[in-house]
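Worksheet: the structure to be examined is printed underneath.
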Amino acid sequence: MTSDRETKLRRWWSLAVFGAAVAVYLPTLGHGFVFDDDVLVVRNEVVHEGSLARLFSTSHWEGAGLRADLYRPIPAATYALDHALWGLDPLGYHLTNLLLHALAALLLLWLAWTWRLPALPAGLAGLAFALHPIHVEVAAHVAGRKDVLVTVFLLAALLAHARWRRGGDARWLLLAPLFLAAGLFSKENAIVGLGLLPLQDLLIDRREPVRWRRLAALYGAYALVTLGWAAARWSVVGALASTVVPFLDNPLVEASLTGRWMTALAVLGRGLGALVWPTTLSPDYSFDALPVVRSALDPGFVGSLLLLGLLTWLAARNWRARPAVTAGLLFWAGAIFPTSNLLLVIGTIYGERLLYLPSAGIALAAAALLPAELGIARPRGKAILALAAGLLLAWSARNLHYSAAWESEATLFAWAARAVPGSAKVHHKLGERAMAEGRHAEAEAAFARALAIHDEAFQTHRGRAAALRGLGRLAEAEAALRRVVELRGDDPASHYELASLYRDLGRLEDARPHWEKTLALDPAHAGALGDLGSYRHLQGDTAGAVVLWSRAALADPSNATTFYNLGLGKLALGDRSGAREAWTHFLRLAGPELAPQRAEVERRLGNLAAP
């Protein structure tokens with residue numbers, strides 16, 4: 001039982017932690033959609049529709065026309081709710097993220113008290129979680145919501161489990177499995193809850209009386225909801241884990257086993273260091289921001305081994321006297337392991353978002369290491385509180401500085417280019433942004449920097465070719481597109497782009513084999529069908545051209561030019577009714593840019609109608 005004074009103190013700490021989390025992220029309410037927000041929210045038709053049945057029966061990116069073996073229906077459902085309330089105004093989505101992050105910090109504070117930590121150390125843990133800049137990627141990025149949700153639900157499951165274990169009524173027995181299930185349907189790394197829950201039983205509540213039958217029933221419920229989630233995931237995406245990992249996103253997919261493990265361990269040390277002071281913060285760490293470790297003498301690898309050894313020693317030393325220290329460190333280890341690349345290669349070599357849930361364990365362990373009677377009455381207490389206050393202020397300033405970078409894609413990737421200049425993906429993104437704004441010279445330079453890091457990225461060669469065409473450097477654009485075809489000879493779009501360049505240069509004989517290759521790979525490619533039809537028409541093969549234009553019209557019934565050409569071809573073959581039908585479609589589709597053709601078609605249709 002807690003005294004009235006303790007209850008009031010806890011209320012004030014709860015308000016302080018929640019308020020700090022809200023205050024530090026208030027500026028993000030003016031931010032827009034960036035990075036993965038486009039596919040998860042802006043272009044996601046399933047989210048816009050808001051049907052729960054579809055949200056739980058489609059993969060995470062499917063609503064935007066992309067297929068991925070990710071199954072996260074609860075984050076998608078929250079986006080659907082935001083969309084119902086706010087449409088595509090990003091303010092509402094950022095407000096939801098802000099409140100969820102504040103809730104996560106509050107639940108961490110309550111879990112610290114549940115783990116029997118004194119009010120002040122627990123409060124410092126909650127403030128550290130609320131303000132730490134390593135959490136910006138999750139809290140300031142709409143797409144980061146999945147990591148907030150999985151943390152909220154797992155912390156809630158731990159709280160509900162402890163409440164029931166300590167004599168709570170049956171509602172806690174029901175809520176704990178429901179929270180675990182919600183975590184699993186938020187993100188697959190919630191599977192670590194199956195280890196965190198018994199960890200809490202064995203270390204924090206080991207002296208609590210055990211009702212073995214009811215405890216077995218509770219763990220049985222955890223197993224059932226996990227099996228239910230696994231079955232749902234398998235039915236939707238056909239896999240229990242991600243199976244396709246691009247080299248550019250995570251170079252460990254092609255590293256040797258030794259290189260992968262050494263790099264993964266070095267990355268663990270990097271993450272631990274970032275929890276003290278994040279010298280580098282970035283939305284992306286793809287190739288070659290963090291080079292693969294190739295030597296056992298690598299400083300990052302050696303430093304990581306020393307850090308991990310220190311944590312192991314702390315966990316072993318404190319498991320009897322201060323079990324919350326051991327539990328917190330094991331919480332970190334269990335939460336970080338599924339995303340560490342030690343067991344399976346995941347979609348990234350490193351990401352600050354991956355530290356969100358594990359950092360809760362470090363915060364709990366650090367708070368448990370503080371003296372129980374922490375205060376200003378003694379010099380030692382003064383020094384500890386001064387250091388804690390200094391860190392919290394420094395983290396807050398760093399948080400505000402970095403979260404400002406998430407305002408737009410332009411500010412975000414400009415930041416990333418400075419933070420991790422060795423990332424090919426960052427420079428590619430800068431090139432895409434410049435192209436979208438018509439800055440061809442800047443785009444070409446960004447794509448060239450990306451290719452200097454990774455020359456086998458066909459999409460980057462393709463982007464550079466488009467920039468070169470915009471600059472009128474057509475010979476270089478041709479070389480870039482020939483490289484694209486060399487890298488992706490099985491990609492119809494690559495052949496079509498090269499054919500389009502040759503067409504614009506008037507080199508139709510060079511274009512023809514690439515149109516034909518495009519159609520061999522994609523028989524319904526409307527652009528190649530239309531262009532090859534025009535080529536056949538110029539060669540005098542009007543019948544062959546009409547066949548190709550007819551197929552193009554079926555493949556893309558929204559292209560007015562195809563119906564214009566089809567009408568000309570039909571008329572040349574003496575098919576007056578076919579010409580009328582094609583041109584009727586043309587008139588329905590033609591915009592102002594086709595005004596001359598519209599006038600011509602209207603005149604011809606008038607002639608066709610005359611007796």
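The values are calculated or read from the model by the stated rules, or taken from the named source; none is laboratory data. All figures in this text were calculated on a predicted structure; none of them were measured in a lab. Cβ atoms come from the backbone with ideal geometry, glycine included; neighbour counts cover every protein chain shown. Keep in mind that these areas ignore ligands, DNA and RNA; they rest on the heavy atoms of the full protein, side chains included. Shrake-Rupley method; radii C 1.70, N 1.55, O 1.52, S 1.80 Å.
Quick rundown of the values:
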{"item": "Heavy-atom accessible surface of the chain: percent carbon and sulfur, 1.4 Å", "result": "62"}
{"item": "Estimated dipole of the stretch 8-149 in Debye, rounded to 20 [Cβ of Lys and Arg +1, of Asp and Glu -1, Cα centre]", "result": "780"}
{"item": "Neighbourhood net charge (14 Å Cβ-Cβ; Lys/Arg +1, Asp/Glu -1) for Trp164", "result": "+3"}
{"item": "Accessible area, probe 1.4 Å, largest first, for residues Glu486, Glu188, Glu602", "result": "Glu486, Glu602, Glu188"}
{"item": "The chain: angle of helix 542-555 to the longest principal axis, Cα-based, in degrees nearest 10", "result": "30"}
{"item": "Distant alpha-carbon pairs in the stretch 78-119 (separation over 14 angstrom), percent", "result": "57"}
{"item": "Options Leu330, Leu9, Ala572, ranked by Cα towards positive dipole end of the chain, top entry (Cβ charges)", "result": "Leu9"}
{"item": "Counted charge near Val150, where neighbours are those whose Cβ lies closer than 13 Å (Asp, Glu -1; Lys, Arg +1)", "result": "+3"}
{"item": "Distance (nanometres) between label positions extended 7 Å along Cα→Cβ at Ala216 and Ala232", "result": "2.8"}
{"item": "Matching label, Kirkwood radius over Cα pairs in Å computed from the structure shown, candidates [x] 25.9; [y] 27.0; [z] 27.7", "result": "[z]"}
{"item": "Whole-percent pair-distance distribution, where bins are 5 Å wide, for the alpha carbons of the stretch 370-443", "result": "3, 14, 15, 14, 10, 8, 7, 7, 8, 6, 4, 3, 1"}
{"item": "Spin-label pair Thr280/Ala389, simplified geometry with 7 Å Cα→Cβ offset, distance in nm", "result": "3.4"}
{"item": "Alpha-carbon radius of gyration plus Dmax, which is the widest Cα pair, for the stretch 183-339 in Å", "result": "18.9, 53"}
{"item": "Computed accessible area, Glu593, all protein chains, 1.4 angstrom probe, square angstrom", "result": "140"}
{"item": "Gain in span if fully extended, Arg317 to Leu305, counting 0.36 nm per residue against the direct Cα distance", "result": "2.5 nm"}
{"item": "Theoretical gain in end-to-end length, Lys382 to Asn607 [0.36 nm per residue, Cα-Cα removed]", "result": "71.3 nm"}
{"item": "Where Trp313, Trp113 fall by accessible area, highest first, once all protein chains stay in place (1.4 Å)", "result": "Trp313, Trp113"}
{"item": "Per-pair calculated FRET efficiency, R0 = 22 Å: Glu581 and Ser558 via Cβ, rounded to 0.05", "result": "0.85"}
{"item": "Cα long-axis angle, helix 440-453 against the chain (0 to 90 degrees, to the nearest 10)", "result": "60"}
{"item": "Cα gyration tensor of the stretch 371-504 - equivalent ellipsoid semi-axes, whole Å, descending", "result": "51, 14, 10"}
{"item": "Accessible surface, 1.4 Å probe, highest first, among residues Trp395, Trp277, Trp61, Trp515", "result": "Trp277, Trp61, Trp395, Trp515"}
{"item": "Rg and Dmax [Cα atoms of the stretch 288-394; Å; Rg one decimal, Dmax integer]", "result": "16.8, 51"}
{"item": "Distance-filtered residues of the stretch 551-587 - backbone nitrogen under 18 Å, label point 7 angstrom along Glu49 Cα→Cβ", "result": "none"}
{"item": "Semi-axis lengths (Å, descending) of the ellipsoid that matches the C-alpha gyration tensor of the stretch 20-114", "result": "26, 17, 11"}
{"item": "Kirkwood hydrodynamic radius of the stretch 499-573, from inverse mean 1/r over distinct Cα pairs, in Å", "result": "12.1"}
{"item": "Contour minus Cα-Cα distance for Ala16 and Leu194 (0.36 nm per residue)", "result": "61.0 nm"}
{"item": "Relative contact order of the stretch 288-447, defined on C-alpha pairs under 8 angstrom at six or more residues apart (%)", "result": "18"}
{"item": "Projected label distance in nm at Glu486 and Arg166, using a 7 Å step from Cα toward the beta-carbon", "result": "6.7"}
{"item": "Solvent exposure of the chain as accessible area per residue, Å², 1.4 Å probe", "result": "44"}
{"item": "Leu474/Glu600 FRET efficiency (R0 35 Å; Cβ-Cβ; nearest 0.05)", "result": "0.65"}
{"item": "Spherically averaged projected area of the stretch 107-189 from its Cα convex hull (nm²)", "result": "5.9"}
{"item": "Value of [θ]222 nm, deg cm²/dmol, for the chain, DSSP H segments ≥ 4, -39500 (n - 2.57) each, nearest 500", "result": "-22000 deg cm²/dmol"}
{"item": "Solvent accessible area, Å² - Trp319, 1.4 Å probe, full protein context", "result": "100"}
{"item": "Angle between the chain longest axis and helix 119-131 axis [Cα atoms, degrees, rounded to 10]", "result": "10"}
